[in-house]
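Enquirer: Dropping the structure in here first, questions after.
The values are calculated or read from the model by the stated rules, or taken from the named source; none is laboratory data. Remember, predicted model here, so these are calculated numbers, not experimental data. Neighbour counts run over all protein chains shown; Cβ positions are idealised from the backbone, glycine included. We work out accessible area using only protein heavy atoms, side chains counted, and drop any ligands, DNA or RNA first. Shrake-Rupley method; radii C 1.70, N 1.55, O 1.52, S 1.80 Å.
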Amino acid sequence: TDENGNIVPNAENKVTFEVSGDGVLAGIDNGRPIDHQSYRDDNRKAFSGQLVGIVRSTKSAGTITVKVKADGMEDQ
């Protein structure tokens, strides 16, 4: 969303994922057919304002923390 809370459907912010604890980042995708960046990287640009990160648990039970950083946005 923008500074007024409006959805930005064409956002292409670069998003970086950081996973800690009992999980690992399995992959990231934005659904853009012509984007050939590796799914295994820890960052990717959004496409049409969307991006998905897939987190896989380890063999140990516990807590997984996912931190997401994006250009021009607060860390989550």
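Enquirer: In whole Hz, with x marking every Gly and Pro, tabulate ³J(HN,Hα) for segment 24-41 from phi via Karplus 6.51 cos²θ - 1.76 cosθ + 1.60, θ = phi - 60°.
Expert: Coupling constants for segment 24-41: 9, 6, 7, x, 9, 8, 10, x, 7, x, 9, 8, 9, 5, 4, 5, 8, 5 Hz.
Enquirer: State in Å² the accessible area per residue of the chain; use a 1.4 Å probe, count heavy atoms of protein chains only, and round to the nearest integer. Spell out each step's value before the answer.
Expert: Details: 5550 Å² over 76 residues.
Heavy-atom SASA per residue in the chain reads 73 Å².
Enquirer: Right, something else. Nearest 0.05, what FRET efficiency do SER38 and THR63 give at R0 = 25 Å with Cβ-Cβ as r? Show your work: numbers first, answer last.
Expert: Values: r = 27 Å, r/R0 = 1.09.
With R0 = 25 Å, the Cβ-Cβ based efficiency is 0.35.
Enquirer: Got a sec? Charge dipole of the chain, +1 on Cβ for Lys and Arg, -1 for Asp and Glu; which of ILE28, GLN50, THR16 is way out at the positive end?
Expert: ILE28
Enquirer: Long-range amide H contacts for VAL55: which residues qualify at under 5 Å (H placed 1.01 Å from N, peptide plane, sequence gap of 5 or more or a different chain)?
Expert: Correct list: ALA26.
Enquirer: Also, I was wondering about something else. What does the extension gain come out to for GLU74 and ASN6, with contour length at 0.36 nm per residue minus their alpha carbon separation? Each step should come with its number before you reach the end.
Expert: Details: separation 68, 0.36 × 68 = 24.48 nm, distance 1.58 nm.
Stretched fully, the GLU74-ASN6 segment lengthens by 22.9 nm.
Enquirer: Could you state the orientation-averaged shadow area of the convex hull built on the Cα atoms of the chain, in nm² to one decimal?
Expert: Working: hull surface 21.9 nm².
With every direction weighted equally, the projected area is 5.5 nm².
Enquirer: Right, another one. Count the net charge of all other residues whose Cβ sits under 12 Å from the Cβ of LYS67, scoring Lys and Arg as +1 and Asp and Glu as -1. All intermediate terms of the calculation are to be shown ahead of the outcome.
Expert: Details: positive: LYS69; negative: GLU18, ASP42, GLU74, ASP75.
Combined, the nearby Lys, Arg, Asp and Glu give -3.
Enquirer: Can you give me the % of accessible surface on the chain that is carbon or sulfur? Probe 1.4 Å, all protein chains present, nothing else counted.
Expert: On the way: 2640 of 5550 Å².
The computed percentage sits at 48.
Enquirer: Further question: Name the residues whose placed amide hydrogens come within less than 5 Å of the amide hydrogen of LYS45, ignoring near sequence neighbours (fewer than 5 apart) on the same chain.
Expert: HN-HN under 5 Å from LYS45: VAL15.
Enquirer: Would you grab the residues whose amide H sits under 5 Å from the one on ASP22? Only those 5+ places off in sequence or on another chain, please, with H modelled 1.01 Å from N.
Expert: Under 5 Å from the amide H of ASP22 lie the amide H atoms of THR63, ILE64, THR65, each far enough along the sequence or on another chain.
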